[in-house]
Amino acid sequence: MRQDVSNRRLLRLATFLKTVPKERFDFSHWVGRGWDGRQDLSCGTTACALGWAATIPFFRRLGLRLARYGENIGYVTCGDGTSPYWASVAAAQMVFGLNYDEVEFIFIPNGWIGEIGETCRGEIGLARDATPREVARHIERFVRLRKPIEAEA
């Protein structure tokens, strides 16, 4: 994916995140507890930045979906995945044109340990209690500082 396309998609998500109420945002869960399976999160549960991205029609047309793991835990997918964590990482890579380190930096809080025991390095990025506006600014800063891809010779 071209970097300009990736950047535009990230900025579209950042703009949306600025509209998400703080009480409906939880950076530490793809989709919060109590999710009833509705793709638009109209049940009132929380989600992280990637979870909310899956509610935006533009990203849904690109294949992002919320999926259930267990009784009331959700994650993000864009196809198959070996686990909620890896399916969500792969979805972010596919839709936003990011590598693993970039996905971790943007979408996964520092020191994150998932509900099923999966962890990431979480050495950089935002804390688990980041607000949607903080994540939006984080994404905007990432796009602004991102090195342009060199043209191939």
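Since every read-out is calculated from the coordinates, none of them should be taken as a lab result. All figures in this text were calculated on a predicted structure; none of them were measured in a lab. Glycine gets a Cβ as well: all are built from the backbone with ideal geometry, and neighbour counts include every protein chain shown.
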- [ ] Order by neighbour count: Ile56, Ile139, Ile73, fewest other Cβ atoms within 10 Å first, most last.
- [x] Ile56, Ile73, Ile139
TODO: Considering the convex hull of the alpha carbon atoms of region 38-108, report its projected area averaged over all viewing directions, in nm², one decimal.
DONE: 4.5 nm²
Task: Sites excluded, GluC sites (Glu not before Pro) in DSSP loops with at most 16 other C-beta within 10 Å, longest stretch of the chain - done: 1-70
Open item on the list: Out of all DSSP beta bridges in the chain, what portion is antiparallel? Express it as a percent rounded to 5.
Closed with: 90 percent
Open item on the list: Viscosity 0.890 mPa s, temperature 25 °C: give me the Stokes-Einstein translational D for the chain in µm²/s, with Rh taken as the Kirkwood radius over C-alpha pairs.
Closed with: 160 µm²/s
